[in-house]
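Worksheet for the structure shown next.
A short reminder: the numbers here are calculations on the coordinates, not readings from a lab. Keep in mind that what you see is a predicted model, and the values were worked out from it rather than measured. Cβ: placed from backbone, ideal geometry, glycine included. Neighbour counts: every protein chain shown.
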Ligand SMILES: *[C@@H]1O[C@H](CO)[C@@H](O)[C@H](O)[C@H]1NC(C)=O
Ligand SMILES: *[C@@H]1O[C@H](CO)[C@@H](O)[C@H](O)[C@H]1NC(C)=O
């Protein structure tokens, strides 16, 4: 009968659909973010689940504090907003600045690295599991001997790593300085960071340098030539976020699963969607069978007078 073959046709379409969706269940994890574009892409496409609570210590100088940002939060609010979609999180530190609710940090304005090092303690009650360290700008500006500053950075990292051996420690490059002489010294300082952390990396510590290359000079306040403007702070948050994703991808901060949302396969591999599609699939099969039963019954009753 004509409608019967139509039903067969629907069965074929439904089973083909289920076959296609099931065969696209496994998708490769996205590449680790290295550029601004790929981080934005990743944020758009990825669902990150399964991470543990992040207890974040923002550590450094006035840039960590958020000097010059219009709300006084610096990078901390944007980063908080992004991370809280995926994780419970808590900012740690004895200082509080900015309009955001959880506005804790350890960003000491005007302090070079040795002074920051002297203040860091092993007694933060919340026990950070993620340290965002950005320091060195004042060493550059205040004309410290940069070899000494690198040694101070080593001492600071050492102190943090010893106090919180399980914490992920992300060490940022410092952002551009608009005065050319300072800028030259900044590049010199930044280029020494990988050498400072190498021994910790070799030791298997969960530590990495964070590339701040996306914070271009146009994102620095032209008046003071030092502090980022709002867009610059957002880009710093972006860089931290990418590095945190990468750290979690490495398994440094609990279990992590990626699911991209930009493909059919990606949608399916997200467990919620898989569940829904399986449910809807089963439901539509049940409905199809019920309809077929009704139609058959009607045909038996009305015979050829029925036209669908
Ligand atoms: C900086 O310190 C290093 C090591 O202490 C020393 O060898 C160097 O001469 C110093 N540089 C300057 C410009 O003082
Ligand atoms: C740059 O800094 C000055 C003084 O610190 C401030 O008045 C101004 O609003 C800042 N500009 C921008 C774009 O943030």
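Values for this structure:
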| read-out | value |
| --- | --- |
| Rg followed by Dmax, in Å, when the range 36-260 is reduced to its Cα trace | 16.2, 47 |
| Residue 231-residue 123 pseudo-label distance in nm [points 7 Å out on the Cα-to-Cβ vector] | 4.5 nm |
| Separation of the residue 280 and residue 223 label points, Cα + 7 Å toward Cβ, nm | 5.3 nm |
| Spin-label pair residue 102/residue 299, simplified geometry with 7 Å Cα→Cβ offset, distance in nm | 6.2 nm |
| Sorted by Cβ neighbour density within 10 Å, fewest at the top, the residues 218, 117 | 218, 117 |
